[in-house]
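The values are calculated or read from the model by the stated rules, or taken from the named source; none is laboratory data. For clarity, every value in this text was computed on a predicted model and none was experimentally measured. For neighbour counting, all protein chains shown are included, and Cβ atoms are generated from backbone atoms with ideal geometry for every residue, glycine included. Side chains are part of the model used for accessible areas, which takes the heavy atoms of the whole protein and leaves out ligands, DNA and RNA. Shrake-Rupley method; radii C 1.70, N 1.55, O 1.52, S 1.80 Å.
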Amino acid sequence: MAGHHGHEHGNAGRRPLAAALILIVGLLVAEVAVGILAGSLALLADAGHMLTDAAALALALVAAAVATRPPGGSWTFGFRRVEILAALANGITLALVGIWIVYAAIRRLVSPTDVHGGLVLVLAGAGIAVNLAAAALLARPSRTSLNIRGAFLHVATDVAAFAGTALAGALILATGWDRFDPLASLAVAALIFWSSATLLRESSRILLDVSPGEMPPAEVAEAMLTVPDVVEVHDLHVWTVGSGFPSLSAHVLVRPEGDCHDARRGLAAMLAERFGLQHTTLQVEHARQQRPLGTELPLARN
């Protein structure tokens, strides 16, 4: 069942990724051409970011396809973490692009060049429309897949970046002050760094097997102790295999007179209903019988 669900989820995610990729590549070609003609660093900076967007979408598309492959051989969990690696790679590329934009913007602030504000304004408006369409395609699947969320963040930062670029173009037209262009680029870089930090933090947490934020181990253990006959929970581990695939393992002790099988079924049902944990591995055993005070073990006879 989990493998079938993952296959459907992957297919549903690939369609919006492919559509968004087509939109972004078309805009990228137009932006490079107009950026060169207009002499706009903000547009070329956005084009560099758009190139990483196209690469991010292509990588996310490949990762989504690979992640649907069923478990087999040594790959007992399948290939779900390929999507997480893609998200990590997208976070790193965002950070590198941000560094390049900051460097280029500082150079332009020191030695500004002529910028054609009209061309910048027109293409920035087109960029806002295209990226809004791409973001709309990715918004829903990004809620359940970190891989698609990485692609979505690439596109979403471009919406804000184009808005800043459009404002820079309008201000250049109104004032003739070309430094508005690199200032807009620095604002773009700030957004890129924020997106990068978000992706790196979330993907690193999964790769390091940190428990999901909505499932604190202490809270999970406390909930498990409310199940009838459960008296102790230890060796508790909660981690995420891949997007939408949280897992749990634990050693559970029940009362000596309790039913281990009933306790296990009750725990599995509670964890699935309250925490969405469908993949659980529970070692359930009876707790040791406590001897009444004052009693002694019988002496062994020779």
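Cβ-Cβ contacts under 7 Å between residues 6 or more apart (or on different chains), taken from a first residue in the range 77-90 that is more than 19 Å from GLN278 (Cβ to Cβ) to a second residue that is of a type in the set (Val, Ile, Thr), are listed as VAL82/VAL66.
Test PRO246 against the stated conditions and say whether it is at negative phi and surrounded by fewer than 16 Cβ atoms within 10 Å (Cβ to Cβ). Answer is no for this residue.
Could you tell me whether ASP53 is of a type in the set (D, E, K, R), at pLDDT below 80 and under 19 Å from the mean Cα position of the chain (by Cα)? Considered against the rule, which asks whether it is of a type in the set (D, E, K, R), at pLDDT below 80 and under 19 Å from the mean Cα position of the chain (by Cα), ASP53 comes out as yes. Per the conditions (1) modelled with pLDDT under 85; (2) crowded, with 22+ Cβ neighbours inside 10 Å, the sole criterion not satisfied by ALA134 is (1).
Here is the figure for the range 167-197: residues that are over 16 Å from ILE99 (Cα atoms) and either open to solvent by 20 Å² or more (accessible area, probe 1.4 Å) or assigned to a loop (DSSP other than H, G, I, E, B) (or both) total 11. Candidates in the range 266-284 are the residues that are closer than 17 Å to VAL231 by Cβ and part of a strand (DSSP E or B); of these, the one that is most open to solvent (accessible area, probe 1.4 Å) is GLN283. Determine, yes or no, whether VAL155 is under 21 Å from ALA38 (Cα atoms), open to solvent by less than 40 Å² (accessible area, probe 1.4 Å) and part of a helix (DSSP H, G or I). Judged against the criteria, VAL155 is not a match.
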